[in-house]
Every structure is written in structure tokens, then in C-alpha cells.
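The numbers here are math on the coordinates, done by the rules we state, and not lab data. Note that the structure is predicted; figures quoted are calculated from it, not measured. Because the Cβ atoms are built from the backbone with ideal geometry, glycine has one as well, and the counts that use them run over all protein chains shown.
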Ligand SMILES: Cc1cc2nc3c(=O)[nH]c(=O)nc-3n(C[C@H](O)[C@H](O)[C@H](O)COP(=O)(O)OP(=O)(O)OC[C@H]3O[C@@H](n4cnc5c(N)ncnc54)[C@H](O)[C@@H]3O)c2cc1C
């Protein structure tokens, strides 16, 4: 269960909404149109969408409504990242011609309190009483399939016409000898910290590891990040990951790439972490360890065998492109069945599953255009295909790149690290994908996502005006670089910059 410490007013307000202390499960209906197991983003969105169609819905949640995103994921991590940026900017003040006291004091309890207040505020969107007001039957307890058409929760049996598996994912425990005995944090516990560890070792250089390593370093923890791959964020373009490595070095994070954690011991009250890089062995002493080595689908104890639903522990519940499981009465959506474990994908897949299950929909998950972002500084955002994926599919690619140091607003803001890269099918302006590395890449990627969804190519993007100066002008500049391949001499000097590859 996600921990609910510390017990303060904000947390009590959050819990009153997402798991009211005096809750009594309702008497079950004779049969539900939809029973949803799991009350995270996927489950709550699906319940609301099905209720809006006038269907009789039951939502089963074993811990807290809102799931990972609200309690131990997107919301608390982004709240901390915002404060960490502020501290980084204060330390960097001289570069902006400003002055702040040299010894900046980080008030860790206060910034955690701010995070808890934000979490409490955003918990309104998944409050149990509000879901009940929409006509949804909310059940707290472990949901378990007992047949292909029924779920058990406590003593109640919920019979259904259709069901949705929305049980999400949980942190993976890396198989490191001594780690469990020494004690370590995951995203399920790190947001409960009330004091800043003076030394932190982060295992794993994926999005969670990278975001939290940078934030905690900026709070003042001596931070080491260990990644067994040669670069961070292995899924992203190499140059994006390289910019991140450089940014970490500037922040003062000790970066250990190509390095394995092979053991953990506790001696004299400190954790000793044994590392191996090629043939080089060394040991780092730390006060706390954060494991950010990925998440695995929550499929255990769900009675999937009784339901006739195929699954495995690695991929989770098996679904087809319409999010149907091997039981024709049961769909799945969100982290429990998708490779793209993002909140926006959880939300969108929940709506597709509901329309397909209850409203004769025939929507394909693969038709979605999915953007994502890692909220480091700079941010790394992506949508569509990477070059390597396009090549695997034998699609000829041409890439248009604008470096952020050629974008006036990035220069004015002293935020010049990064680029906008847009990949098109060679010989056309059709966008296959894009990567943006920039301070606000997560905001900028939406313009390209919109273009892809609307089937608008670089010609259209070249006509989109942006207020001057904004960092999103980089997108128009990339589009202008494409136009120059068609009629090189007609392009105005205002749209100079950028190169193709
Ligand atoms: C640290 C971190 C940061 C993240 N940041 C971002 C971000 O910035 N942007 C983004 O898009 N995504 C982010 N994500 C991912 C995002 O949180 C998930 O993709 C999203 O929460 C998935 O929602 P879900 O409903 O599918 O699963 P979950 O949120 O995992 O919800 C599943 C729910 O099912 C319940 N459950 C499980 N088994 C049972 C059972 N048998 N009976 C009853 N209930 C059960 C669980 O208790 C849980 O509440 C982040 C994740 C983490 C961990």
C-alpha cells in the first residue's frame, strides 16, 4: 500500500477523498454493465466515461483512488521538480545579473509540505463521494476474478456484462544482493521523506531515476546516479541523452554510466554500495538508496486464471489492438497492459476500452499518437517514431534539426541547451516523429503532436506564427529548413538556421 505518512492536514484531506475513513461498501447490484478492477487514472477515467454513457458501473480499488499518478508518481514528482528548479535558478542567479545570498538554505520539510498540499488539492478529481454522486458504486478492497463473469471484493460478488482490468504497475525490486536488508526507497516511499538524506544513490537512469536524481541533488543531497547502460534514457535519441549527462555533471551529480550495482552492505550505520564498471570495482558510501529500475504490471492475486485472461509477469495482461483480453467479456487498459506507461496513455486507453466494450466502438490503440516527456532540466520530449524505428520499418527518413542556441528566446532566457528535431518521410513533409530537448519541451511537443494527429505536415507548420520571442519558434524554423529544400532562395533571413541530416 502506498504509505500515507506523514499525517498532516493536507494528507488527511487527501485521504478523506480517496479513501474515506468511515467508508462502507454498497450492496452490489444484481449485474453491472462494467466492473473495473483498479482505481488509478485508468479506472477512474473509465468509470466516469461509462457512467456518462448511462451504464451501471462498479469501481474496485484496494488502496487509494487516484493510483500512482496522484499519490506516488506524476503529481508529487512534478511538484518537487518545480521547487528544485527554483533552487537551481537561485544558485545560478549571477548568470542572470541577479544576486541572492550565497548560502541558500533548503527547507526540505517545507517543500515536502507544499508537495502534499498540491497532492491534496488535485485529489478532488478522484474523490470517492464525487464518483458516487455520478452513480458509480465504489468498493474498497482487493478485487479478484472468481469466474469469467464475476469479481469478488470482500464478501461481495460483482457480476458483470463487461469488465476492465486497470490494476496498473508497481515498482520493480532490482535483484541486488543485500539491497532489501539494507533498506531502500522506491517511488512508493520516497515522497514520504521528511528529512533530506545527505547522500543519495539512485539506481537506474530511466525517467524516474533521472528526474529524482536531479531534484534531490538540487535540494542539496550529494547524489550519485548509477546506470548500467552507456547513456541515460536508453529509449531516447543519443544526443538527447548526452545533453542530459552534461546537465547532470553541471548540477554536480556523480554520474556512473556503464556501471552495475552488485551488492549492498550496511557498516557503521551507512550503506556501502559495491559497483562494477568493466573490470573496475569500487564502493560508494551513502545514506539512502532510491531504486528507479522500472515498474512491472500488477497481475498477481487477480484471479486471471479463473477469468480466462492470458498474461505474463513481464508484459502484463495480453490485449489486442482493441484492448480486448483473451476473455471476450474483459478489456484491459493503462499500465497493466501497455508498453507506454504514461498517465495520458492511461487516460486515453481507458476511454477507448469503454467505447469498445460498451458502445460498439471499434477503435484501435495503435491509432493513437502518444507524446511523452521526461521532466529533467532540460526536458526531453518525444512523439512518434525514432529514426531507428523508421529505419527498422524501412521508411526513408529526413531529419530537420534546430539547435536551441539559434532560438532568440532560448538565448534571452539563457536556456540554450537542446534542440528540436523533426523527422519526416523523405521526399515529403509528412511528420514521422520528433524529439525536443529544451527547458519546456513538454509544452512544445504538443504542437507537433497536433500536427501529426491532424495530418498536417511541415508545410503547414511553416505557416504557423508564434508570438516573438518564444522557444516554440524552433518548430517553425525546422519547418522553414524543410521549405528551403524545396525552394532554397525564397526563404527570408528571419527563418535562417537549422540543418538537415
Ligand atoms: C515516479 C513516477 C512519475 C511519473 N510521472 C509521470 C509523468 O510525469 N507523466 C506521465 O504521463 N506519467 C507519469 N508516470 C506514470 C503514470 O503514473 C502511470 O502511467 C499512470 O498512473 C497509470 O495509471 P493506471 O491507472 O493504469 O495504473 P495505477 O496508477 O498503477 O493504478 C492502478 C490501481 O489499481 C489498484 N489495484 C491493483 N490491483 C488491484 C486489485 N487486485 N484490486 C483492486 N485494486 C487494485 C492499485 O492500488 C492502483 O490504485 C509516473 C510514474 C511514476 C512511478
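Here are a few things to note about the model shown:
- Neighbour-count order for 426, 443, 94, fewest beta carbons within 10 angstrom listed first: 94, 426, 443
- For the range 337-492, diffusion coefficient by Stokes-Einstein and Kirkwood Rh (Cα), 20 °C, 1.002 mPa s, µm²/s: 129
- Within the chain, helix-based [θ] at 222 nm, where runs of 4 or more DSSP H residues each add -39,500 (n - 2.57), nearest 500: -9500 deg cm²/dmol
- Neighbour counts of other Cβ atoms within 10 Å put 198, 326, 123, 462 in the fewest-to-most order 198, 326, 462, 123.
- Relative pair counts by distance (%), Cα atoms of the chain, 20 Å bins: 21, 50, 27, 1
- Bridges between two residues of the chain, per DSSP, are antiparallel at a rate of about 65%.
- Once the chain from residue 103 to residue 279 is taken as fully extended at 0.36 nm per residue, the excess over their C-alpha distance is 59.3 nm.
- Equivalent ellipsoid dimensions for the range 219-330 as semi-axes, Å, which come from the Cα gyration tensor, largest first: 38, 20, 13
- By definition, a body whose alpha carbon gyration tensor gives a ≥ b ≥ c is prolate when a/c is 1.5 or more and a/b is larger than b/c, and the range 421-477 fits this prolate description.
- Computed E for residue 411/residue 260 - FRET, C-beta separation, R0 51 angstrom, nearest 0.05: 0.80
- Two-site label geometry, residue 85 and residue 30: point separation in nm, points 7 Å out along Cα→Cβ: 5.5
- Gyration tensor (alpha-carbon) shape descriptor, the range 350-423, a/c threshold 1.5: oblate
- Summary of the geometry: the range 149-188 and the range 47-118, compared by the centres of their Cα atoms, lie 23 Å apart.
- More than 18 Å apart - percent of Cα-Cα pairs taken over the range 1-130: 62
- Rounded D (µm²/s) - the range 182-236, Kirkwood Rh over Cα pairs, Stokes-Einstein at 4 °C, 1.567 mPa s: 110
- Take the convex hull of the alpha carbons in the range 302-364; its mean projected area over all directions comes to 4.1 nm².
- Computed over the range 109-258, the range of Cα coordinates on each principal axis works out to 56, 36, 36 Å, biggest value leading.
- Fully extending the segment from residue 7 to residue 146, taken as 0.36 nm per residue of separation minus the present Cα-Cα distance, adds 46.4 nm.
- Fewest-first ranking of 404, 134, 465, using other Cβ atoms within 10 Å as the exposure measure: 465, 134, 404
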